[in-house]
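Below you'll find the structure, written out as structure tokens, and then a few comments.
The values are calculated or read from the model by the stated rules, or taken from the named source; none is laboratory data. As the structure is a computational prediction, the values presented were derived from the model and not from experiment. We place every Cβ from the backbone using ideal geometry, glycine too, and count neighbours over all the protein chains shown.
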Amino acid sequence: MIRRLALASLLLIAIACGQTQTSQSHQVVLGAIYPLSGPQAPGGKQELAGVEAALRVAHANVRLQVIDATTPQAASAAVDTLVRDYHVPVILGTYGSTLSAAASSRAEELKTVYWETGAVADPITAQRHYVFRTVATGSSLGRLAVTFSHDVLMPEYKLTTPRAVVVRVNDIYGQSVGGGEQDLAQSMGIDVVDVVEYSPTAYDPTVIAARVAQDHPDFLWDVSYSRTTFP
């Protein structure tokens, strides 16, 4: 509930940004880009539902112009459509880091405010003036896994020189979370002996499992997508 109220408050700020453009109709049009079809649809629909719930809490006179985007190219093109055809002052999206990287980059080029509501990859908001988000970054999520391993698991199992393996998808999401794990592990005395990267759309799990088994790690930090996200 607290998160919805925070979202509602920020949406009111976004609405205020567009009031001068809609003084006659008294209704603000905001853009929304989410994967509403394809393998990432469950997450995209949930995030869009959260935005809609926040607007109801805020009792805002807002219409969302929603575009379904399932690829980075489609997400970037959706930004063009929303700015060119609907003149939106703010765009919300996009659940997936690969989609957000493309959409937020294009919004930055067009000097349009882009509010990321779910994607965590660090570069999305790095050195950007028009892009922001309220969710955690990927590297911070990765550091949580390392901190738990160090503070809870190492004492529990009396490990003094633990070995860890990172298994991660080979995209901006995996690099952000996995990179955060590697950086903190080194400073905490945990040896990352292997980093296994794989494509989320084409991989052999038996090959990955065999490589991890050969590494003999104490910890396995997995940065992947659920089967509802990718086949």
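Odds and ends about this structure:
- Annotation note: of 131, 177, 88, 113, the sole residue that is buried (at least 19 other Cβ atoms within 10 Å of the Cβ), within 22 Å of residue 198 (Cβ to Cβ) and in contact with a strand residue (DSSP E or B) (Cβ under 6 Å, 6 or more places away or on another chain) is 177.
- Considering residues of segment 147-158 that are closer than 15 Å to residue 185 by Cβ and of a type in the set (Ser, Thr, Tyr) only, the residue surrounded by the most Cβ atoms within 10 Å (Cβ to Cβ): 149
- Output for segment 53-67, where each listed residue is over 11 Å from residue 31 (Cβ atoms) and surrounded by fewer than 18 Cβ atoms within 10 Å (Cβ to Cβ): 53, 56, 57, 59, 60, 61
- Any pair with Cβ under 6 angstrom, 6 or more apart, that starts in segment 159-174 at a residue that is surrounded by fewer than 22 Cβ atoms within 10 Å (Cβ to Cβ) and ends at one that is among the hydroxyl-bearing types (Ser, Thr, Tyr) and assigned to a strand (DSSP E or B): 170/199
- Evaluation of residue 100 against (1) over 19 Å from the mean Cα position of the chain (by Cα); (2) assigned by TED's automatic domain parsing to the domain that holds residue 40 (one fails), failing number: (1)
- Segment 51-73, residues that are part of a helix (DSSP H, G or I), under 17 Å from the mean Cα position of the chain (by Cα) and either small (Gly, Ala, Ser) or within 13 Å of residue 36 (Cβ to Cβ) (or both): 51
- Identity of the residue in segment 36-50, of a type in the set (S, T, N, Q) and either surrounded by 20 or more Cβ atoms within 10 Å (Cβ to Cβ) or not in a helix (DSSP H, G or I) (or both), that ends up modelled with the highest pLDDT: 37
- Scanning segment 14-28 for any residue that is at negative phi, at pLDDT 95 or above and in contact with a Ser or Thr (Cβ under 7 Å, 6 or more places away or on another chain) turns up nothing.
- Against the criterion of being of a type in the set (Gly, Ala, Ser), in contact (Cβ under 8 Å) with a residue 60 or more places away in the chain and touching a strand residue (DSSP E or B) at 6+ places or on another chain (Cβ under 8 Å), residue 50 does not qualify.
- Test: residue in segment 212-224 that is at pLDDT below 95 and either among the polar types (S, T, N, Q) or part of a helix (DSSP H, G or I) (or both): yes
- Test: residue 107 is of a type outside the set (Asp, Glu), without any contact (Cβ under 8 Å) to a residue 40 or more places away in the chain, in the same structural domain as residue 48 (by TED's automatic domain parsing) and crowded, with 17+ Cβ neighbours inside 10 Å: yes
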